[in-house]
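Engineer: Before anything else, here's the structure in question.
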Amino acid sequence: MPPRLETPNDTRARAISPYRAAPLRFGPPLATYRPSKLRRASSLFVGASTGLAALASLLSSLAGGSDPGLWVVAFLTVGMFGTVAAVSLRIFLRDTRARVTVHEEGLVVTTHTGRRTFLWEDVTGVWARFYEPVRSPEFIVRLGSRDGVVIRLPAEIENARDLATRVQNETAVRVLADTLAALDEGERLWFGPLRVDASGIHYGNRNAREYDVDAMQLSFRWLEVRLTSGKRILLPTEDVQNVGTLLAVAARFGVGRLAGGPA
């Protein structure tokens, strides 16, 4: 397996691609995306207020004497408020650190677990939510690279559609070309529960029976799939890797669009 990409330490991060002989130094950031201010403010407010409520309940129980009933109620109240406070403040701290920085050469995803660098040429998988009739992604859920690493992007990013459009513009044409080349070489490719090979497009788990696909289309935020048996299946678009590429190659195998669907 090729080596993992080197984790950057600053905005001019050095990214080591397993497909490059020399490191690439990122230029200045073009844009930075973070979880929304409303999300951060909400989690901080909930965490602080419930934390104070837990403290107030504890102090009230201490002043209430030795009544066992009061202590049981206090224990449950403090536990409930304390749990909510801990979860909310944990979300706030994660969101404070989380961000996606876009550079000309690629992007840097920072989460509570660390930083990850993606060169545009190394992005092979995009899991995104689409909405018909707009054919650009609403937001991106996960990204995958050539070395097999998949990372989940921070939740509820401000200007998420702008980020998704940037990623699609930088990767869609190359990913489609790579997909067609792989199919020409006889490879089997998986798009979530859908498999594409020289014989066509099939639906099913890797270790279960597969069914041939007759037609597909985007339907609101779903990928609607009709099998040759006539059965229709709805798959969330964010669960299907490179759903745009899948739709682009469908016609190659005679897989059409469902009648009566959005244009």
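The values are calculated or read from the model by the stated rules, or taken from the named source; none is laboratory data. Source: prediction; values computed, not measured. Neighbour counts run over all protein chains shown; Cβ positions are idealised from the backbone, glycine included.
Engineer: Taking the conditions exactly as written (outside any strand (DSSP E or B), modelled with pLDDT under 90 and crowded, with 18+ Cβ neighbours inside 10 Å), does Q217 satisfy them or not?
Structural biologist: no
Engineer: Mind listing whichever residues of the stretch 203-214 are buried (at least 18 other Cβ atoms within 10 Å of the Cβ) and not acidic (D, E)?
Structural biologist: Y203, V213
Engineer: Out of the residues in the stretch 52-80 that are surrounded by 14 or more Cβ atoms within 10 Å (Cβ to Cβ) and not hydrophobic (A, V, I, L, M, F, W, C), which is modelled with the lowest pLDDT?
Structural biologist: By that ranking, first place goes to S61.
Engineer: Among R166, R209, which is in a loop (DSSP other than H, G, I, E, B) and of a type in the set (D, E, K, R)?
Structural biologist: The conditions single out R209.
Engineer: From the residues in the stretch 180-202 that are within 21 Å of E224 (Cα to Cα) and of a type in the set (D, E, K, R), which one is surrounded by the most Cβ atoms within 10 Å (Cβ to Cβ)?
Structural biologist: R195
Engineer: Going through the stretch 81-96 one residue at a time, which ones are surrounded by 15 or more Cβ atoms within 10 Å (Cβ to Cβ) and under 15 Å from L58 (Cα atoms)?
Structural biologist: Across the stretch 81-96, the qualifying residues are F81, G82, A85.
Engineer: Let me spell it out: the conditions are (1) touching a residue at least 40 places away in the same chain (Cβ under 8 Å); (2) among the aliphatic types (A, V, I, L, M); (3) assigned to a helix (DSSP H, G or I); (4) under 26 Å from F139 (Cα atoms), and L247 meets all of them except one. Which number is the exception?
Structural biologist: Only one criterion in (1) touching a residue at least 40 places away in the same chain (Cβ under 8 Å); (2) among the aliphatic types (A, V, I, L, M); (3) assigned to a helix (DSSP H, G or I); (4) under 26 Å from F139 (Cα atoms) is unmet by L247, namely (1).
Engineer: Report every pair of residues separated by at least 6 positions or lying on different chains whose Cβ atoms are under 7 Å apart, first residue within the stretch 165-176 and assigned by TED's automatic domain parsing to the domain that holds E138, second in a helix (DSSP H, G or I) and not charged (D, E, K, R).
Structural biologist: Taking only residues 6 or more apart or on different chains, the pairs are E170/W120; T171/W120; A172/G244; V175/T245; L176/T245; L176/A248.
Engineer: Something else now. Return the residue satisfying two criteria in turn: it lies in the stretch 1-46 and is touching a helix residue (DSSP H, G or I) at 6+ places or on another chain (Cβ under 7 Å) and either modelled with pLDDT of 90 or more or outside any loop (DSSP other than H, G, I, E, B) (or both), and of such residues it is farthest from A85 (Cα to Cα).
Structural biologist: Going through the qualifying residues, I end up with Y33.
Engineer: Same structure, new question: Select, from A172, A155, A128, the only residue that is in a helix (DSSP H, G or I) and either surrounded by 14 or more Cβ atoms within 10 Å (Cβ to Cβ) or out of contact with any strand residue (DSSP E or B) (no Cβ under 6 Å at 6 or more places or on another chain) (or both).
Structural biologist: A172
Engineer: Could you identify the single residue in S49, S136 that is at pLDDT 90 or above and within 31 Å of the chain's Cα centre (by Cα)?
Structural biologist: Answer to the check: S49.
Engineer: If you don't mind, another one. Can you tell me which of (1) in contact (Cβ under 8 Å) with a residue 12 or more places away in the chain; (2) under 21 Å from the mean Cα position of the chain (by Cα) is the one L189 doesn't meet?
Structural biologist: (1)
Engineer: Considering only residues that are within 16 Å of the chain's Cα centre (by Cα) and buried (at least 17 other Cβ atoms within 10 Å of the Cβ), look in the stretch 139-152 and name the one that is modelled with the lowest pLDDT.
Structural biologist: Taking the candidates together, the pick is F139.
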